[in-house]
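So the structure is just underneath, and the comments pick up after that.
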Amino acid sequence: MKEFFDSHAHLQHEQFNRDRSRVIEDALASGVSRILNVGYDIKSSRKAIELSDKYDFMYAAVGIHPHDARDLTSSALKELEDMADHPMVVALGETGLDYYRDLSPRDVQRRAFRWQLDLAASLNLPVILHVREAHRDAIEILKAWGRGDGVMHCFSGSADDARVFLGLGLKLGFTGSLTFGSRRLESVARDSPATEILIETDCPYLVPRPKTGRNEPSNLLLVCEKISEARGIGPGDCAEITTANAASLFRV
């Protein structure tokens, strides 16, 4: 059976409270053999770690989403640092900029982004980046950071953006949005170096077509199939390539 690595999931989300065990069983049955649950605030980061303690095929990332950037105080940053000491924490994030919803002031988002990038560097952890309609500012901050160790989660930019992020040493993560009919995204998935692409569900969000409702890790196969179609390779090759890329990035 092909083995898949869901490099960005949120199984700690409350939407899974009633049937999390079943969702996990379905993921394993579909070939998803490794899952990285990504924190978006302090509470969800702790819960991601709890899942990694319970399941030996799960990893955790800890971070503050740009929506909640206003909550990243110095004490919260210290909490992230303490949590990152856990052996199953393999990344810092998700962090970044979101100018689409603007739920935190943009200057506060930029400050929180820089703080978390600096923390990741001090801990020698890769970063998981969320950037939406803020690519120009994100690129400036990442160029100043200069480290290039991470993934642009749920990549949504242009081919030019992709070239810049790849040039900075970042990988690109593709989600169910790849199945929504965007030729632009399909071309980026096709043309990006094979060593620089990851697949992710971002569950419970971004359910890939033709599925509807809540997203789950078992749907990762649909993302892999879309990349396989775009690149002209078999799903088995896509699974092998993206699993190896995720394992290399997160050093697992």
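Coordinate-derived values only; no laboratory data. These numbers were taken from a predicted model, which means no experiment stands behind them. Here the Cβ is made from the backbone with ideal geometry for all residues, glycine too, and neighbour counts use every protein chain on show.
Straightening the chain between Asp237 and Glu133 buys 34.2 nm, computed as 0.36 nm per residue apart minus the Cα-Cα spacing.
With a simple spin-label model that places each label point 7 Å from the Cα along the Cα-to-Cβ direction, the separation between Asn17 and Val108 comes to 2.6 nm. Using the rule -39500 (n - 2.57) for each DSSP H run of four or more residues, divided by the residues of the chain, the 222 nm mean residue ellipticity is -13500 deg cm²/dmol. With neighbour counts taken as other beta-carbon atoms within 10 Å, the residues Tyr205, Tyr40, Tyr59, Tyr100 rank, fewest first, as Tyr100, Tyr205, Tyr40, Tyr59.
Please go through the residue pairs Lys2/Lys226; Lys2/Lys54; Lys54/Lys171 and name each one whose alpha carbons sit more than 21 Å apart in this structure.
Numbers: Lys2/Lys226 16 Å; Lys2/Lys54 24 Å; Lys54/Lys171 29 Å.
Lys2/Lys54; Lys54/Lys171, as the Cα separations exceed 21 Å there.
When the inverse distances between all different Cα atoms of region 1-109 are averaged and flipped, the Kirkwood radius reads 14.5 angstrom.
So which chymotrypsin sites (Phe, Trp or Tyr not before Pro) in region 119-193 are both in a DSSP loop and have at most 16 other Cβ atoms within 10 Å of their Cβ? Walk me through the intermediate numbers first.
Working: sites: Trp145, Phe155, Phe165, Phe174, Phe180; in loops: Phe155, Phe180.
In loop regions of region 119-193 (DSSP not H, G, I, E or B), the sparsely surrounded chymotrypsin sites (Phe, Trp or Tyr not before Pro) are Phe180.
Dividing the mean sequence gap of close Cα pairs (under 8 Å, 6+ apart) by how many residues the chain holds gives a relative contact order of 20 percent. For the chain, a simple Cβ point-charge model (Lys and Arg +1, Asp and Glu -1, everything else neutral) yields a dipole of about 380 debye relative to the Cα centre. Diagonalising the gyration tensor over the Cα atoms of region 38-80 and scaling each eigenvalue by 5 before taking the square root yields semi-axes of 21, 10, 6 Å, largest first.
Taking trypsin sites (Lys or Arg not before Pro) as exposed when their DSSP state is a loop state and no more than 14 other Cβ atoms lie within 10 Å, the longest site-free interval of the chain runs over 102-210. Each 10 Å bin, from zero up to the one with the longest distance, holds this percent of the alpha carbon pairs of region 1-61: 24, 58, 16, 1.
Rounded to the nearest 20 debye, the dipole size of region 103-149 about its Cα centre is 60 debye, using +1 on the Cβ of Lys and Arg and -1 on the Cβ of Asp and Glu.
Using only C-alpha atoms and all pairs of different ones, pull out the Kirkwood radius for region 4-250 in Å with one decimal. Kindly include the intermediate steps, with their values, before the conclusion.
Numbers: mean 1/r = 0.0565 Å⁻¹.
For region 4-250, the Kirkwood estimate is 17.7 Å.
Computed over the Cα atoms of region 107-227, the ratio of the radius of gyration to the Kirkwood radius (Rg/Rh) comes to 0.98.
Looking at the chain, send over the antiparallel percent of its DSSP beta bridges, to the nearest 5. The answer is about 0 percent antiparallel. Ordered by the count of other Cβ atoms within 10 Å of each Cβ, fewest first, Phe57, Phe4 give Phe57, Phe4.
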